[in-house]
Every structure is written in structure tokens, then in C-alpha cells.
Amino acid sequence: MLKPNIKYRVTLTEEEREFLQKLINKGKTAGHRIRHAQILLALDEIPSNDHWTDARIGDAYGVRQRSIGELRKRFVEKGFEAALERKKREMPPVIKIDEEKEAKIIAVSCTEPPEGRDRWTLKLLANKVVEMGILDSISDHGIGDLLKKTKLSHGWLKNGA
């Protein structure tokens, strides 16, 4: 089978191959490291390798061809260790809710629900938080994540407030 013309070629040293084999066989590391090790071994361009296509590797290990291309690129540009790890976020997430705002949101969730309602829903809470000016915007999922952290009952049970 002819190998397609690929810009980033993965050629492992004997020590790297042995390390990857031990990593896979031992299995005492993060799952993404094992999967990356398996993919790197499949990508290795030694004569005894089967020279799998990116599509075949993707099917075998449950990853997209684009991810395989990114792994190739990371190996060539940043090295062996960087290829085993996940890609680092370029921009860390912006934290919208500080402790003061979190306390206010929790206080709202502990109040009586609006007229005609038995309990607060996440959407109602999100709307109330924006209405009160605590935050400019927040989704019901954001409210749910915040309340999940605090182990509040979301209004389904009496939470002692």
C-alpha cells in the first residue's frame, strides 16, 4: 500500500517505541495517554510497520482523522512528551461568577419561588439572576452547575433555608 504524502511524518526511536509499549501494556496512566501511545505506534514509519492510513487508525482507536493529524503535528513540532499529553487550552476559561455573586445566586435559590410555582426551575433562576442584575447573562446550565457544586437540592426538597 502506498503511503499518502503527509507533511508531518512520525518516526520513533527504539527507546520511544519501548516506552510506548510499556505504557500501553501497564495501563496505569490516563486513557488519553494510552490512546495517543497506540496512535503514535500505528503512525511510526519504520519498515516493519503496517503503515496504517489515518482513516484506519481513526476507526481502530475511535478518533477523527483531524485529531490524528494534530497528533502528528504536535509530535513533529513539540516533541514526544507533548504528543502524549492533551493539547493545552490557548485561552483559559473566563470566570464570570465570583464568590459574592455565587452567594447572591444561592440566596435567590433559597427564597420562595415566584407566584404560581411550587419550586424554582433552573430557567427561572437564570432569568431572576439577570433581572436582579447579579450577572449580565447566565444559562440555566450555568445555574445548574453552580448549584451542583453547592449540593443544593434545586428546590425539589426542603434545603433548610
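Here is how the numbers come out for the structure above:
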item	result
Gly69 touching a residue at least 12 places away in the same chain (Cβ under 8 Å), under 20 Å from the mean Cα position of the chain (by Cα) and not assigned by TED's automatic domain parsing to the domain that holds Gly142	yes
Residue match in the range 16-27 (condition: under 21 Å from the mean Cα position of the chain (by Cα) and not hydroxyl-bearing (Ser, Thr, Tyr))	yes
For Glu81: the one exception among (1) over 30 Å from Ile143 (Cβ atoms); (2) surrounded by 18 or more Cβ atoms within 10 Å (Cβ to Cβ)	(2)
Complete set of residues in the range 78-116 that are over 19 Å from the mean Cα position of the chain (by Cα) and either in contact (Cβ under 8 Å) with a residue 60 or more places away in the chain or in a loop (DSSP other than H, G, I, E, B) (or both)	Gly79, Phe80, Lys96, Ile97, Asp98, Cys110, Thr111, Glu112, Pro113, Pro114, Glu115, Gly116
Boolean, Gly155 is at pLDDT below 90 and more than 24 Å from Ile95 (Cβ to Cβ)	yes
The range 92-113, subset of a type in the set (A, V, I, L, M, F, W, C) and farther than 15 Å from Val130 by Cα, residue modelled with the highest pLDDT	Cys110
Enumeration of residues in the range 57-77 that are basic (Lys, Arg) and under 21 Å from Gly31 (Cβ atoms)	Arg64, Arg66, Arg72, Arg74
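Residue-wise test of (1) modelled with pLDDT under 90; (2) on the phi > 0 side of the Ramachandran plot; (3) loosely packed, with under 11 Cβ neighbours inside 10 Å.
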| position | (1), (2), (3) |
| --- | --- |
| Gln21 | no, no, no |
| Ala30 | yes, no, no |
| Ile34 | no, no, no |
| Gly62 | no, yes, yes |
| Arg66 | no, no, yes |
| Glu90 | yes, no, yes |
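The values are calculated or read from the model by the stated rules, or taken from the named source; none is laboratory data. Since the model is a prediction, treat every value here as computed from it, not as a measurement. Methodologically, a virtual Cβ is constructed for each residue, glycine included, from the backbone with ideal geometry; neighbour enumeration extends over all protein chains shown.
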